[in-house]
Amino acid sequence: MTEVQPEELEMIGPKGIASVEIAVNLVRTIEASPEPLLLKEIADAVGFSSSKAYHYLVSLVRSGLLERERGGMRYGLGSFSLQLGLTALARTGTAHLVADAVRALRDEVGHATAFSVWSTRGAVVRHLEESKEALGVSMRLGTVLPLLNSPTTDIFLAWLPDEELKPALAALPQKALPLKKLVAIRQETRQQGGAHASGVRTPSIAGAAAPVFGGRGRLVGALSTLGLVGQFDDRPTSKVSRALHRHARALSDTLATQM
């Protein structure tokens, strides 16, 4: 195996690696911007040539710390940066804000409620409150939700960029989610400000989900509620849906000041 020379790692002293610190500085530059940045803007901010900055950006995009916009011209924070932020959120005093919102929604509507985040496998349940109904729907923390016919997944399909969706969607059978269908999901979900469906997970379950945003309007998760068909009113104008959206907006407003 070829030995890596210290100068190749651009080491600073016995413990520091300059290339790592440079990469972190690039991420910080993008994080501090209110919108994704062009390559030249990033290079100018850190005092690099565009070609040198580009090589760092390629690796940072591959790692998931950064993402390229659909047009490929600008760079923003990626899915792994989001996961880091959510993990940090879970380990700070702000984690209770999400848990409180999930519980408050459950107490108001009576159905099972959850807060989910996106991962390389799809939407994952991170906070959960069980239904108050005797025959209500039950879920488990850590459940990976279906990639199709799931209101929660539709939230991420609507508001996350393609690069963040690709690792999970790659697991779908070929042509299971054609571009035309994906575009239709995005348009409908954004127009309604959320997603609603019957036959979620099984034909007997209905559900609804709404987006939760953090700082700079970035999607951080989905607040959702589930119930049995016949007990759960999944219409966008129902009392359950109105309560869901109200709690999601309130949580978004709170997280925007914390993240």
Checklist entry - Of all residues in the range 158-176, which are open to solvent by 60 Å² or more (accessible area, probe 1.4 Å) and modelled with pLDDT of 90 or more? => result Trp159
Item to check | Residue that is most open to solvent (accessible area, probe 1.4 Å) [pool: residues in the range 138-157 that are in a helix (DSSP H, G or I) and touching a Gly at 6+ places or on another chain (Cβ under 9 Å)] | outcome: Asp154
Checklist entry - Does Thr257 count as in contact with a His (Cβ under 6 Å, 6 or more places away or on another chain) and polar (S, T, N, Q)? => result no
Item to check | Residues that are in contact (Cβ under 8 Å) with a residue 12 or more places away in the chain and β-branched (Val, Ile, Thr), drawn from the range 167-216 | outcome: Ile185, Thr189, Val200, Ile205, Val212
Checklist outcome for this item: The condition of being touching a Leu at 6+ places or on another chain (Cβ under 8 Å) and closer than 23 Å to Glu67 by Cα holds, among Leu251, Leu177, only for Leu177
Checklist entry - Counting only residues that are among the hydrophobic types (A, V, I, L, M, F, W, C) and at pLDDT below 85, which one in the range 188-204 is surrounded by the most Cβ atoms within 10 Å (Cβ to Cβ)? => result Val200
Next on the checklist: Quick check on the range 107-127: of everything there that is part of a strand (DSSP E or B) and open to solvent by 40 Å² or more (accessible area, probe 1.4 Å), which residue is farthest from Gln231 (Cα to Cα)?
Outcome noted: Arg126
Checklist entry - Would the range 241-258 turn up any residue that is within 21 Å of Arg103 (Cβ to Cβ), open to solvent by less than 30 Å² (accessible area, probe 1.4 Å) and of a type in the set (Val, Ile, Thr)? => result no
Checklist entry - Within the range 38-58, can one find any residue that is over 29 Å from Gly221 (Cα atoms) and at pLDDT below 85? => result no
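The values are calculated or read from the model by the stated rules, or taken from the named source; none is laboratory data. Being a predicted model, the structure only gives us computed values, none of them experimental. Glycine also receives a Cβ, built like all others from the backbone with ideal geometry; neighbour counts cover every protein chain displayed. Calculation scope for accessible area: heavy atoms of the full protein, side chains included, ligands and nucleic acids excluded. Shrake-Rupley method; radii C 1.70, N 1.55, O 1.52, S 1.80 Å.
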